[in-house]
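The values are calculated or read from the model by the stated rules, or taken from the named source; none is laboratory data. In this text the structure is predicted, and so the values were computed from the model without any measurement. Cβ placement follows ideal geometry from the backbone for every residue including glycine, while neighbour counts extend to all protein chains displayed. SASA here: full protein model, heavy atoms, side chains in, ligands and nucleic acids out. Shrake-Rupley method; radii C 1.70, N 1.55, O 1.52, S 1.80 Å.
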Amino acid sequence: MFDKLNINKNLLFIKMSFFFYDCGIAPINPFLPTIAKQRGIPVLVIGIILTFMPIFNIIARPITGYITDRWRCRKQVFLGASLLNAFVIMLIHFTPDFKEYGFTENLDIMTHWKFWIFLVTITTRALLWMIGDVLQDTICLELLGDDIKSYGRQRVWGAVGWGMSTLLVGACVDWYSEDPVHKNYLPVYVISMIFLICHFIVASQLESNQTHPSKNMSKDVIKILSDVKVCAYLVWAVFTGIFAAFIWFYLFLYIEDLAHNYHPERLPWIKTIQGFSVTVECCLGEIPFYVMSGYILKKIGHMTAFSVSFAIFAMRFFLYSIIKDPLWVLPVELSNGISFTLAFISGISYAAEIAPSGSAGTLQGLFGMAFHGIGISFGSFMAGYSFEQIGSSASFRLLSYVAFSVFLIQVSVNQLIVRTSRPRENETTDENTTKEIASTSP
């Protein structure tokens, strides 16, 4: 049937895979800090949790990429992580609440056994998400082959799923909750589980023709990492992760702060507003840039894409710092495409372009390590500490200055790398020309 309709079956299923996977992950990731805070966990401890969990990316993503490259078991591990995650997510609902204990110090809560049950459950869920996330990107790039620039047109369906799912979940939580302040998050877990089971069914239809690893795979990867441009790229990936952490995990807490401090009349529908903010981010902000990413990267290049991203991050964070009404967050989220998406697509596609044969998963794992493991982890700690010490609006004001400074540094470093690489390219060209003349001489 697919052949008669001239439809690429694998690309159709990878689009559906991105859609259902992000539909299943989206109900948990942005709402997790508000879930933890409602259970009685202080913001500083939430920051420690969100610092600790992403550190696993440093190990999980590269090792997952290496193991599945080495033993060619990418699809099997991907499906297993997705299905297991569907049931682990549901366990979060049954972990005990500890708000009634009334801990006097922020860190006292970490001594209670109920806290550790909650922490182990959400950490297991995060690990399974990390594994599935890096393998899904790798499988997609594997299916595209040389057409790497089309990655954005596949990944865009994840943004659609993420945006639709958060809006659905936010509205369901507000509708299902009897108390306008103390929310019931059961719809979050149920909807997430259903979507991940759907994802498992769809992803099982993917035909993954995994290539054989290079015999010198480790040497090839080490050689790539010795390139100063690649090292700089990983540093920019870290900063992208730092900036993304503030939005992914703390934007909802910031929106709730605005409602409590300035507009308490928004509280009965605060989850809907939070969910709709992500819908604007993904469906209106990200989709155009995913669709046009191939064209944009071809015109401006990967490193310039990072520069543009950092500049817009600075503007975005400054706007957060002056907003008083939660509803005004919505138009700011339109900038998510040019701030986050442009940098993320640049990181994924650059890793695919420089990956030696058979080591695509390893390179994607290294990007994930830099972005998620180091960047998201450090950003989460910074956000938790600054939110606790100076408040949410002041934290975003400070971060806007940091982002602008990184933008200036990144532009300068890029120019330096370009200038130092030109003489080497000219030397190589001269050597090749000399060899050609010598070979044609009588």
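Computed quantities for the displayed model
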item	result
So Leu83, is it of a type in the set (A, V, I, L, M), farther than 28 Å from Ile59 by Cα and in contact (Cβ under 8 Å) with a residue 24 or more places away in the chain	no
Residues that are in contact with a Gly (Cβ under 9 Å, 6 or more places away or on another chain) and either charged (D, E, K, R) or over 30 Å from Val411 (Cα atoms) (or both), drawn from segment 278-308	Thr279, Glu281, Glu286
Qualifying residue in segment 258-280 (condition: hydrophobic (A, V, I, L, M, F, W, C), open to solvent by 60 Å² or more (accessible area, probe 1.4 Å) and within 18 Å of the chain's Cα centre (by Cα))	no
Failed item in (1) under 19 Å from Val190 (Cβ atoms); (2) without any contact (Cβ under 8 Å) to a residue 12 or more places away in the chain, with Thr111 passing the rest	(1)
Some residue of segment 133-151 being closer than 19 Å to Phe344 by Cα, open to solvent by 30 Å² or more (accessible area, probe 1.4 Å), assigned to a helix (DSSP H, G or I) and of a type in the set (Lys, Arg)	yes
Condition broken by Lys299, with the remaining ones in (1) of a type in the set (D, E, K, R); (2) surrounded by 18 or more Cβ atoms within 10 Å (Cβ to Cβ); (3) over 30 Å from Trp175 (Cα atoms) satisfied	(2)
Qualifying residue in segment 77-87 (condition: loosely packed, with under 15 Cβ neighbours inside 10 Å and modelled with pLDDT of 85 or more)	yes
Residue satisfying all of: in segment 152-195; in contact (Cβ under 8 Å) with a residue 24 or more places away in the chain and among the aromatic types (Phe, Trp, Tyr); surrounded by the most Cβ atoms within 10 Å (Cβ to Cβ) among these	Trp162
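For every residue, the table says whether it meets (1) in contact (Cβ under 8 Å) with a residue 24 or more places away in the chain; (2) aromatic (Phe, Trp, Tyr).
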site	(1), (2)
Val280	yes, no
Gly285	yes, no
Ser293	yes, no
Ile300	no, no
Ser309	yes, no
Phe318	yes, yes
Ile323	yes, no
